[in-house]
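Scroll down for the structure; my scribbles are underneath it.
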Amino acid sequence: MLPEPRKYLLQYEDDIPYTTSGIPEQSLDIIRLAHPDGQSRPLIIYLHDGAWQKGDKTDGNEDLATFVRSGNYVAASINYRLTNNAAWPAQLHDCKAAIRWLRAHAQQYGIDSERIAVWGKSAGAYLALMLGATATNPAFKGIVGQHHNFSAKISAVVNCAGIVDFNSLPAQPSSVDHTTADSPEGRLLGGALSKFIYAAKDASPRQYINSKMPPVLSIHSENDDIIPYAQSEQLHQQLQACRVPNILIPVQKAKHGEYPKEMLLRIEAFLNRELLQQDINIPPDPLTIAP
C-alpha cells in the first residue's frame, strides 16, 4: 500500500491553453499545493493513453494528486491532438509545446524547470519515450506554441507499455492487427505499416535512443495483449547498450493496462531518486496483480 500522504490541500487549475490556437485539445491541467511556500518543486507531467484516438488529461489526475500531496511535486496533465484531428507528428509537437509553456510559466506555478519528469501509459508512454529520445533533436521541435526560446528537455521518463519500434509490432503476439490502415498505428502514421515502413521507422523511439537520454523506468505487463512486452525488452536492451540508467519491471499475470497499486510506489521511488536526488534502491522485482 502507498504510505499515508501528508495532509496538504491541493489547488487544481483546469483547461489551461498552452497555445493561442483555440484548439481545445491543446490544453493542460495543473495540480499544486493550495498554499505555496515560495519553494520551487520538480514537475511531473502525465500523458494519457487511448491509442491516440481517445482519452483525456483528467485520466491521470488522481494518481498525480498522490504525488503532489507528498509536498514534493507540482504536476501537470496534458491533452494533445488526437488522430481524428491531426496525424503524426502533431501529438509530439503538442507535448513539446506544453513543456515549453510550463517552463515559460515556471515561476508562476512554483516549478523547478530543471527537474521535469514525463510519465505516460500506452499511447502516452510512447510520446514520453519520444520526448526523452528527441529532446535535443531539432527535427522534432515543431512550430506549435509561442515559447520556442524555452527547452522541451526532460530529466526522467516513466514508460508504462509504450511502443518502441512500430515495424517490429507485426511479428510480435498481439490481439490487435497492427498492420492495417485502421489500426491505431495506421491512423497515427497515415496508413498501413506495410506501406509506411520508413515513416514508421522515423516515428519509432528506438531510432533516436542515445547515451544522453534521461533515465527511464519501464513497467509493462508480461501478458500484454495489445502492446507486446517484447517492446519494453527491446527498449531495455538498447538503453543498456547506450549505458542509459533504466529499470524494466514486469507485471506478472496481467494484460494491457493492468497494474497493481504497488506500481505507484516504484514510480515514486524512481522520481524521488531522479528528481529529488534521494539515495534509493529501486528493485526490478516483478509486480503481481492480486487475485
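So the values come out like this:
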quantity: Condition check for residue 115: open to solvent by 10 Å² or more (accessible area, probe 1.4 Å), of a type in the set (Lys, Arg), closer than 18 Å to residue 276 by Cβ and in contact with an Asp or Glu (Cβ under 7 Å, 6 or more places away or on another chain); calculated: no
quantity: Any hit, region 31-47, residues being open to solvent by less than 30 Å² (accessible area, probe 1.4 Å) and at positive phi; calculated: no
quantity: Residue within region 265-274 that is at pLDDT 95 or above, among the charged types (D, E, K, R) and over 20 Å from residue 46 (Cβ atoms) present; calculated: no
quantity: Subset of region 263-291 (residues that are surrounded by fewer than 16 Cβ atoms within 10 Å (Cβ to Cβ) and outside any loop (DSSP other than H, G, I, E, B)); calculated: 264, 265, 288
quantity: Selected residue [under 16 Å from the mean Cα position of the chain (by Cα) and of a type in the set (Lys, Arg)] from 81, 69, 32; calculated: 81
quantity: Residue satisfying all of: in region 225-249; in contact with a Lys or Arg (Cβ under 7 Å, 6 or more places away or on another chain) and open to solvent by 10 Å² or more (accessible area, probe 1.4 Å); farthest from residue 179 (Cα to Cα) among these; calculated: 238
quantity: Those residues of region 168-191 which are open to solvent by 70 Å² or more (accessible area, probe 1.4 Å) and either within 14 Å of residue 51 (Cα to Cα) or in a loop (DSSP other than H, G, I, E, B) (or both), in sequence order; calculated: 173, 175, 177, 182, 187
quantity: All positions within region 197-224 that are outside any loop (DSSP other than H, G, I, E, B), closer than 28 Å to residue 254 by Cα and out of contact with any strand residue (DSSP E or B) (no Cβ under 8 Å at 6 or more places or on another chain); calculated: 200, 205, 206
quantity: Leading residue by the ranking (farthest from residue 37 (Cα to Cα)) among those in region 109-148 that are in a strand (DSSP E or B) and of a type in the set (Gly, Ala, Ser); calculated: 120
quantity: Index of the failed condition, residue 174 passing every other in (1) closer than 20 Å to residue 257 by Cβ; (2) at pLDDT 90 or above; (3) among the hydroxyl-bearing types (Ser, Thr, Tyr); calculated: (2)
quantity: Residue that is farther than 18 Å from residue 157 by Cα and in contact with a Lys or Arg (Cβ under 9 Å, 6 or more places away or on another chain), where the choices are 192, 200, 181; calculated: 181
quantity: Close pairs (6 angstrom Cβ cut-off, 6 or more residues apart or separate chains): closer than 13 Å to residue 41 by Cα in region 94-117, surrounded by fewer than 17 Cβ atoms within 10 Å (Cβ to Cβ) and not aromatic (Phe, Trp, Tyr) anywhere; calculated: 110/36; 110/40; 112/40
quantity: The listed residue being touching a His at 6+ places or on another chain (Cβ under 8 Å) and either under 19 Å from residue 122 (Cα atoms) or modelled with pLDDT of 95 or more (or both), out of 228, 205, 250, 245; calculated: 250
quantity: Some residue of region 156-163 being open to solvent by less than 40 Å² (accessible area, probe 1.4 Å) and without any contact (Cβ under 8 Å) to a residue 60 or more places away in the chain; calculated: no
quantity: Check on residue 194, open to solvent by 30 Å² or more (accessible area, probe 1.4 Å) and in a loop (DSSP other than H, G, I, E, B); calculated: no
quantity: Top-ranked residue in region 64-87 [being in contact with a helix residue (DSSP H, G or I) (Cβ under 9 Å, 6 or more places away or on another chain) and in a helix (DSSP H, G or I); ranked as surrounded by the most Cβ atoms within 10 Å (Cβ to Cβ)]; calculated: 67
quantity: Subset of region 205-224 that is surrounded by fewer than 23 Cβ atoms within 10 Å (Cβ to Cβ) and among the hydroxyl-bearing types (Ser, Thr, Tyr) - its residue that is farthest from residue 140 (Cα to Cα); calculated: 211
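The values are calculated or read from the model by the stated rules, or taken from the named source; none is laboratory data. The structure presented is a predicted model; accordingly, all values stated were derived computationally and were not measured. For neighbour counting, all protein chains shown are included, and Cβ atoms are generated from backbone atoms with ideal geometry for every residue, glycine included. All accessible areas refer to the heavy atoms of the entire protein, side chains included, with ligands and DNA or RNA removed. Shrake-Rupley method; radii C 1.70, N 1.55, O 1.52, S 1.80 Å.
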